[in-house]
Amino acid sequence: MKHLSLVAFIFVLLSQAFFANKANAKDVYFDSKWTLWQNADILIWTPDKEAALDPKEFCLSLRRYNSGIGEPKCRLFGEWERDTVAMRYATWLSNNIEAGLEPHHLKARHPAMMAKFQTLEDKIVLYVADKGNHLLIAVFDENSSEPQAAGTVIKTPDKIAQGDEVANAFFGHHTKRRLTKEERLKMESEPDDLYKETPTFRSWAGISAGYAQAQIPLTPSSWYRRHIRSRVGDYRVTKDSVSLWNFMDDSTPLFTLYAGGIWFGFIGGEIFYRYSNHAVKTDDRDSIYEELDHWNFAQHEVGLNVMFARTYEPFKWMDLHLFAFLGFQYSFYSEDIELKDSKKNPSREYETRFKTEDPYKGALFGFGTQCVFLHHYGLSVRTGISSRGKDVYVEPSPDAAAEPTTIGATTVDWFISVGLEYHWTPFR
Amino acid sequence: MAALLLTGCADSYHWSSSHPAYARAPYGELAITGLQKAFVLTRTKWFANRLDFGDSTQIKATEFCSKAMEHEFRGGYVKLSILPDSVLDNAPEESQKLDARIFMKGKLPEQGVIVTAPDGSVPPQILLIHEVIIGTDLKRENFFDYALIHNELEDKRDVKNISAIVSYTLWDNLKQRPLFSAVDEIQHPVTLKLTLTDLEQLMRQTVQQIRKNMYQGAGK
């Protein structure tokens, strides 16, 4: 008995659900976000002898259900009702609109029919087919020969209620102001946001700050230890004089001024000036340096890079240029040395201290990226390896021992820098 | 799972598409059209050297294949009607998309127009045979993948298979919609000597493949 009551209860629940479903007057199969214009022109198109919707009443329903619609105009689409191709498609739709179909299943295939859709120009076609107890509804516009929305509503003999049903089910969304002829023309001639030509020549100037050190990342420190730990004794003595880093501190801030240009976003060049200041690594245990106030070398470098780049446009407001560069440079060291005020005459070692070559010649290579925001404002990161050296071979001279040592046959360092740039295209 | 992945990678194309309303494959009753003009024989010379058709191998071989296919279909459906190709004469050629790069061309009846048989009856479902390409070692992607169709194919000297590529649509004549569209590729190994039996076998396998696919495509 208990079971029976349970079964009865479930039956009641199910039948309730069933009737609730039945009472649901509309069933929208799909509804893309089509554009509903303010003051819309709505053409009611039906394969039936008499349209199930009354155009005037439907217009009033629209105004009741969509406050933003303005003053819509509705009329029967007689042109299409007298057209064989359109009528065949209308009949076909009436047989084919079903639940579970995608818009492309309902596409008009006849070329003449597709052409008709294209010439609609902002008008909205409301397809209505009478299926006895319900109406098949589809909405078309000029953008496609597939329906933008489709579904059914329950049929009622009351034309006012019928119009309300359809307006409620399919014409509820926001309206847009229709463009005027001039605005439309202007829109058509506006360039695509994402369309952009690579300029023939793009140039930039920038300033950057960075850091340089002898050790190249990911290489063992044992390669450099000898140079880095080395100290200068008696103004000229180290274990060897091959690398400048035996004498000077290698890890320093680095500042760069540069300007460059690139053709077709692919091959370019850059001229630069780099500055860094290196302290001499005097041996503190050596008492001879007591006379010394300070001893530094300012490193000035000028050079030229060739670069190859590739451009990406991840966003409309940003261009990303990835590049690799290869160049040469001249390095100049200007010595800044001073004795303590108390000391009037320098020692003999001071007079024969090591000296640098007038210019060092070197090469550099590396890679980097420029992020250019709003076509002009660039942020650049680059890293690379630069070298400087001199001819190793010198004429042997009899008094070489008394001469100051000329240092730095091969010096290599690694650098990284971040720059601010301004980009412009001087000609197109 | 690994097998699934592997097979997924091996054949990345979809070679058929079903309409959501395609619930049941035709059973017992079917109408066919396209048997008159759909057949194409490639490497005609190769076939001419091996088959004893005398002259005009192209015409005679395709006729032979068409007959063989019709015969095979008759065995499969109790009530089979063959509609002449002329029922689609006025329809434009359209393409149906099966996969991202696979488009199949063929004539389909107009929306809203029911095709009637010459005797006045209305077949509920029509199998539209669009094209049957017969040749040696053919691959369907070379004919239907638009990225590959302009590639020139070499004629291989040693022929392993004779093959048929068939594109077809099962057409719902009452509601004028394509229920099932597919491109099938059938390979039949050539042993020592090519005979007419081999061609017949190829057509038999083709029909079996079409029927199998139509069953598998239903209710998807």
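Within segment B:73-102, the set of residues being more than 14 Å from chain A (Cβ to nearest Cβ), of a type outside the set (S, T, Y) and surrounded by fewer than 13 Cβ atoms within 10 Å (Cβ to Cβ) comprises B:G75, B:V78, B:K79, B:D89, B:A100.
Can you confirm whether B:I134 is touching a Cys at 6+ places or on another chain (Cβ under 8 Å), surrounded by 21 or more Cβ atoms within 10 Å (Cβ to Cβ) and on the phi < 0 side of the Ramachandran plot? Quick ask: steps written out before the conclusion?
On the way: touching a Cys at 6+ places or on another chain (Cβ under 8 Å): yes; surrounded by 21 or more Cβ atoms within 10 Å (Cβ to Cβ): yes; on the phi < 0 side of the Ramachandran plot: yes.
The answer is yes for B:I134.
Would it be correct to say that B:K107 is without any contact (Cβ under 8 Å) to a residue 40 or more places away in the chain and out of contact with any Ser or Thr (no Cβ under 8 Å at 6 or more places or on another chain)?
Working: without any contact (Cβ under 8 Å) to a residue 40 or more places away in the chain: yes; out of contact with any Ser or Thr (no Cβ under 8 Å at 6 or more places or on another chain): yes.
It is true that B:K107 is without any contact (Cβ under 8 Å) to a residue 40 or more places away in the chain and out of contact with any Ser or Thr (no Cβ under 8 Å at 6 or more places or on another chain).
Kindly indicate the residue of segment A:339-368 that is farther than 28 Å from A:A409 by Cβ and not basic (K, R) and also surrounded by the most Cβ atoms within 10 Å (Cβ to Cβ) among those meeting that condition. Among residues in segment A:339-368 that are farther than 28 Å from A:A409 by Cβ and not basic (K, R), the one surrounded by the most Cβ atoms within 10 Å (Cβ to Cβ) is A:G368.
Restricting to segment A:84-129, what's the tally of residues that are within 12 Å of chain B (Cβ to nearest Cβ) and assigned to a loop (DSSP other than H, G, I, E, B)?
Let us first name the residues in segment A:84-129 that are within 12 Å of chain B (Cβ to nearest Cβ), namely A:84-102, A:104-114.
Next, from what is left, pick out any that are assigned to a loop (DSSP other than H, G, I, E, B): A:97-102, A:107-110.
Within segment A:84-129, residues that are within 12 Å of chain B (Cβ to nearest Cβ) and assigned to a loop (DSSP other than H, G, I, E, B) number 10.
Within this structure, A:L339 passes the test of being of a type outside the set (D, E) and over 44 Å from the mean Cα position of the chain (by Cα).
Only one of the numbered conditions (1) more than 35 Å from the chain's Cα centre (by Cα); (2) surrounded by 11 or more Cβ atoms within 10 Å (Cβ to Cβ); (3) closer than 30 Å to A:P55 by Cα is not met by A:H173, and that is (1). For A:E57, are the conditions met, namely being over 17 Å from A:T156 (Cβ atoms) and either within 14 Å of chain B (Cβ to nearest Cβ) or not basic (K, R) (or both)? Judged against the criteria, A:E57 is not a match. Restricting segment A:176-212 to residues that are outside any loop (DSSP other than H, G, I, E, B), among the basic types (K, R) and over 25 Å from the mean Cα position of the chain (by Cα), which is farthest from A:R64 (Cα to Cα)? Filtering segment A:176-212 for residues that are outside any loop (DSSP other than H, G, I, E, B), among the basic types (K, R) and over 25 Å from the mean Cα position of the chain (by Cα), the one farthest from A:R64 (Cα to Cα) comes out as A:K186.
Would you check which residues across segment B:64-98 are acidic (D, E) and without any contact (Cβ under 8 Å) to a residue 12 or more places away in the chain and list them? The one that is acidic (D, E) and without any contact (Cβ under 8 Å) to a residue 12 or more places away in the chain: B:D89. Of the strands (runs of 3 or more DSSP E) lying entirely inside segment B:103-220, those carrying at least 3 residues that are within 14 Å of another protein chain (Cβ to nearest Cβ) are B:161-172, B:177-189. Which residues, counting only those in segment B:108-124, are within 20 Å of B:I82 (Cα to Cα), crowded, with 19+ Cβ neighbours inside 10 Å and of a type outside the set (A, V, I, L, M, F, W, C)? Listed by number, the residues that qualify are B:P109, B:E110, B:P123.
Just name the residue that is farthest from the other protein chains (Cβ to nearest Cβ) out of those in segment A:60-83 that are part of a helix (DSSP H, G or I) and free of Cβ contacts under 8 Å to residues at least 24 places away in the same chain. Break it down stepwise before answering.
The first filter runs over segment A:60-83 and keeps only residues part of a helix (DSSP H, G or I), leaving A:60-65, A:67-69, A:78-81.
Restricting the remaining residues to those that are free of Cβ contacts under 8 Å to residues at least 24 places away in the same chain gives A:63, A:67, A:78-79.
Numbers: A:R63: 34, A:S67: 37, A:G78: 19, A:E79: 17 Å.
Residue satisfying both the conditions and the ranking: A:S67.
The single condition among (1) surrounded by 14 or more Cβ atoms within 10 Å (Cβ to Cβ); (2) modelled with pLDDT under 95 that A:A212 does not meet is (2). Has segment A:131-153 got at least one residue that is within 24 Å of B:E93 (Cβ to Cβ), within 14 Å of another protein chain (Cβ to nearest Cβ), hydroxyl-bearing (S, T, Y) and outside any helix (DSSP H, G or I)? Yes, because at least one residue in segment A:131-153 is within 24 Å of B:E93 (Cβ to Cβ), within 14 Å of another protein chain (Cβ to nearest Cβ), hydroxyl-bearing (S, T, Y) and outside any helix (DSSP H, G or I).
The values are calculated or read from the model by the stated rules, or taken from the named source; none is laboratory data. The shown structure was predicted, so the numbers you read here are calculated from the model rather than taken from an experiment. Heads up, the Cβs are rebuilt from the backbone with ideal geometry, glycines too, and the neighbour counts pull from every protein chain shown.
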